Amino acid sequence: MTYPPDPRPEAWLLAALEFAAHKHRNQRRKDAQASPYINHPIALAHMLVAEGGVTDTKTLVAAILHDTVEDTDTTCEEIRARFGKLVADVVQEVTDDKALPKARRKQLQIDHAPHLSKRAALVKLVDKTANLRDMVASPPAGWPLRRRQEYFDWAHAVVAALPPVNKKLRRAFDEAHAQRPRAP
């Protein structure tokens, strides 16, 4: 049986928020303010709904949970038991293998992007958009201009390889990418 037993979409979203908040409770973003990490998955779900018109509950739940396996002690089996196979599969699709070197993980995101399911491509698209917006609004502490520019370039390569899934969200990414940091 998947969790929550209540089939209403609101129950699934709240259960995912509660789960992700618990799993990310001690994590902070890399921004100068070290904002709570949970703000990031919430931003993804909000962007999907408010900017992309996405209402599919399983996509929204996967967006909320997208970093739990990669960045916490959560397993795909745990996601599957609580939120079902489909959500677990989407989370797995967007999860990097932290055992690999960083450069290899980054290249694999580009290589795998064309093969992502529609739900995973939506999550990946809003994840990159949110990261670019965050980098413009509050750059990671200690990241020089060149590193931020390289991140923008890499994010663009990932998104360019994604299958087309949502024109509004792609436009939002392009607008965020247009804010790529420049030398003064």
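The values are calculated or read from the model by the stated rules, or taken from the named source; none is laboratory data. Note that the structure is a prediction, hence the values are computed from the model and not measured. Neighbour counts are summed over all protein chains in view; Cβ atoms, including those assigned to glycine, are modelled from backbone coordinates with ideal geometry.
All but one of (1) part of a helix (DSSP H, G or I); (2) in contact with a Leu (Cβ under 9 Å, 6 or more places away or on another chain); (3) farther than 21 Å from A121 by Cβ hold for H22, so report the exception by its number.
(2)
Looking at (1) surrounded by 14 or more Cβ atoms within 10 Å (Cβ to Cβ); (2) farther than 20 Å from P140 by Cα, which is the one condition that is false for E70?
Only one criterion is unmet by E70, namely (2).
What tally of residues in the range 157-184 results from selecting those that are closer than 19 Å to A32 by Cβ and surrounded by fewer than 13 Cβ atoms within 10 Å (Cβ to Cβ)?
1
Take the residues of the range 16-30 that are modelled with pLDDT under 95 and either buried (at least 17 other Cβ atoms within 10 Å of the Cβ) or touching a strand residue (DSSP E or B) at 6+ places or on another chain (Cβ under 7 Å) (or both): which is farthest from T68 (Cα to Cα)?
Among those residues, the one meeting the criterion is K30.
Looking only at residues in the range 91-107 that are under 22 Å from D73 (Cβ atoms) and of a type in the set (A, V, I, L, M), which one is modelled with the lowest pLDDT?
A99
Pairs under 9 Å by beta carbon, first residue over 18 Å from R25 (Cβ atoms) in the range 71-82, partner part of a loop (DSSP other than H, G, I, E, B) and of a type in the set (S, T, N, Q), six or more apart or different chains?
Short answer, once both residue conditions are applied: C76/T95; R80/T2; A81/T2.
Could you please let me know if S117 is of a type in the set (S, T, N, Q) and touching a strand residue (DSSP E or B) at 6+ places or on another chain (Cβ under 8 Å)?
no
Is there a residue in the range 62-81 that is within 11 Å of the chain's Cα centre (by Cα), at pLDDT 95 or above, among the β-branched types (V, I, T) and assigned to a helix (DSSP H, G or I)?
Checking the range 62-81: at least one residue is within 11 Å of the chain's Cα centre (by Cα), at pLDDT 95 or above, among the β-branched types (V, I, T) and assigned to a helix (DSSP H, G or I).
Sort out which residues of the range 136-156 are within 17 Å of A113 (Cβ to Cβ) and either surrounded by 14 or more Cβ atoms within 10 Å (Cβ to Cβ) or touching a Phe, Trp or Tyr at 6+ places or on another chain (Cβ under 6 Å) (or both), and write them in order of number.
Those that are within 17 Å of A113 (Cβ to Cβ) and either surrounded by 14 or more Cβ atoms within 10 Å (Cβ to Cβ) or touching a Phe, Trp or Tyr at 6+ places or on another chain (Cβ under 6 Å) (or both): Y151, F152, W154, A155, H156.
For the range 25-61, how many residues are more than 17 Å from F83 (Cβ to Cβ), within 15 Å of the chain's Cα centre (by Cα) and part of a helix (DSSP H, G or I)?
Total satisfying the criteria: 6.
Within the range 31-61, work out how many residues are of a type in the set (D, E) and modelled with pLDDT of 95 or more. First the steps, then the outcome.
Taking the range 31-61 and keeping what is of a type in the set (D, E), we get 31, 51, 56.
Adding the requirement that they be modelled with pLDDT of 95 or more leaves 51, 56.
Of the residues in the range 31-61, 2 are of a type in the set (D, E) and modelled with pLDDT of 95 or more.
Any residue at all in the range 1-8 that's assigned to a helix (DSSP H, G or I) and either hydroxyl-bearing (S, T, Y) or in contact (Cβ under 8 Å) with a residue 12 or more places away in the chain (or both)?
no
Please give the helices (runs of 4 or more DSSP H) falling wholly within the range 109-179 in which 3 or more residues are small (G, A, S), free of Cβ contacts under 8 Å to residues at least 60 places away in the same chain and in contact with a helix residue (DSSP H, G or I) (Cβ under 6 Å, 6 or more places away or on another chain).
Filter on the range 109-179 gives 145-161.
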